[in-house]
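*Asks:* One structure coming up, written as structure tokens, with questions to follow.
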Amino acid sequence: MVHGRDLAYNSKVEGNVVMTTLDASINWMRKNSLWPMPMGLACCAIELMAASCARFDIARFGAEVMRFSPRQSDLLIVAGTVTYKMALSAKRIWDQMPEPKWCIAMGACASSGGMYRSYAVLQGIDRILPVDVYISGCPPRPEALLEGLMRLQNKIMQSHSLEEQKKLPPLNERVAA
Ligand code: SF4
């Protein structure tokens, strides 16, 4: 009979063996291979671009594969002022991204409308889609984005990947829709 304490060290299974749970391994893969969809809408986008260059090197976190197709992305980074005109496009892009997906609101404008308390500006992207991480600043520095990315990675590690996976309808219903 094998006891739990035997699993920590057992000479019969030593070598290149790692024990973990399925949830933890799926979350670990997801958090280290995020493919961002950069939604650059104003000045914050410049800092987003800087984060992906060599000095800050977002590749250290596995998130350098910026994709301009929502169907290939699982992380929407909203960077900039969200006008009502652009809000519809942002929502459509979010809807086109497959599950599981996450969203970072980068900067004051994306988080709350910032200084633009105006008839033309949405007062935070969270009015139309769920935000996982908010980053303060006007603009936030690239380090702040990387810190936000690490906070998102922690959040992903806490999730129950299998239970929370949205169930898709049967294929024939999807084709008919
Ligand atoms: S938060 Fe500041 S830097 Fe970022 S988009 Fe708004 S005004 Fe520009």
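The values are calculated or read from the model by the stated rules, or taken from the named source; none is laboratory data. Given the structure is predicted, the values throughout are model-derived calculations rather than measurements. Cβ: placed from backbone, ideal geometry, glycine included. Neighbour counts: every protein chain shown. The accessibility values were calculated without ligands, DNA or RNA, using every heavy atom of the protein model including side chains. Shrake-Rupley method; radii C 1.70, N 1.55, O 1.52, S 1.80 Å.
*Asks:* So, residue 77, is that one outside any helix (DSSP H, G or I), surrounded by 12 or more Cβ atoms within 10 Å (Cβ to Cβ) and not small (Gly, Ala, Ser) or not?
*Replies:* yes
*Asks:* Determine which single condition residue 53 fails, assuming it passes every other condition in (1) within 22 Å of residue 153 (Cβ to Cβ); (2) hydrophobic (A, V, I, L, M, F, W, C); (3) open to solvent by 60 Å² or more (accessible area, probe 1.4 Å); (4) part of a helix (DSSP H, G or I).
*Replies:* (4)
*Asks:* Looking at region 22-41, can you tell me whether even one residue there is among the hydroxyl-bearing types (Ser, Thr, Tyr), more than 16 Å from the chain's Cα centre (by Cα) and outside the structural domain of residue 115 (by TED's automatic domain parsing)?
*Replies:* Looking through region 22-41, at least one residue is among the hydroxyl-bearing types (Ser, Thr, Tyr), more than 16 Å from the chain's Cα centre (by Cα) and outside the structural domain of residue 115 (by TED's automatic domain parsing).
*Asks:* Mind checking which residues of region 132-165 are part of a helix (DSSP H, G or I) and out of contact with any Lys or Arg (no Cβ under 9 Å at 6 or more places or on another chain)?
*Replies:* 143, 144, 145, 147, 148, 149, 150, 151, 158, 162, 163, 164
*Asks:* Of the residues in region 80-96, how many are among the hydroxyl-bearing types (Ser, Thr, Tyr), in a helix (DSSP H, G or I) and either touching a Cys at 6+ places or on another chain (Cβ under 7 Å) or open to solvent by less than 70 Å² (accessible area, probe 1.4 Å) (or both)?
*Replies:* Adding up the residues that qualify gives 1.
*Asks:* Turning to a different aspect of this structure: So which residues in region 42-90 are touching a residue at least 60 places away in the same chain (Cβ under 8 Å), among the aliphatic types (A, V, I, L, M) and away from the ligand (no atom under 13 Å from the Cβ)?
*Replies:* Across region 42-90, the qualifying residues are 51, 58, 63, 75.
*Asks:* Could you list all residues from region 98-153 that are touching a strand residue (DSSP E or B) at 6+ places or on another chain (Cβ under 8 Å), within 16 Å of the ligand (Cβ to nearest atom), among the aliphatic types (A, V, I, L, M) and under 18 Å from residue 83 (Cβ atoms)?
*Replies:* Hits for region 98-153 are 105, 106, 110, 120, 121, 122, 125, 131.
*Asks:* Return the residue satisfying two criteria in turn: it lies in region 125-145 and is under 19 Å from residue 53 (Cα atoms) and touching an Asp or Glu at 6+ places or on another chain (Cβ under 9 Å), and of such residues it is surrounded by the fewest Cβ atoms within 10 Å (Cβ to Cβ).
*Replies:* 141
*Asks:* Can you name the residue in region 23-41 that is free of Cβ contacts under 8 Å to residues at least 60 places away in the same chain and out of contact with any strand residue (DSSP E or B) (no Cβ under 7 Å at 6 or more places or on another chain) and is also nearest to residue 129 (Cα to Cα) among such residues?
*Replies:* 33
*Asks:* Give the number of residues within region 97-114 that are open to solvent by 50 Å² or more (accessible area, probe 1.4 Å) and either of a type in the set (Lys, Arg) or modelled with pLDDT under 95 (or both).
*Replies:* Qualifying residue count, region 97-114: 2.
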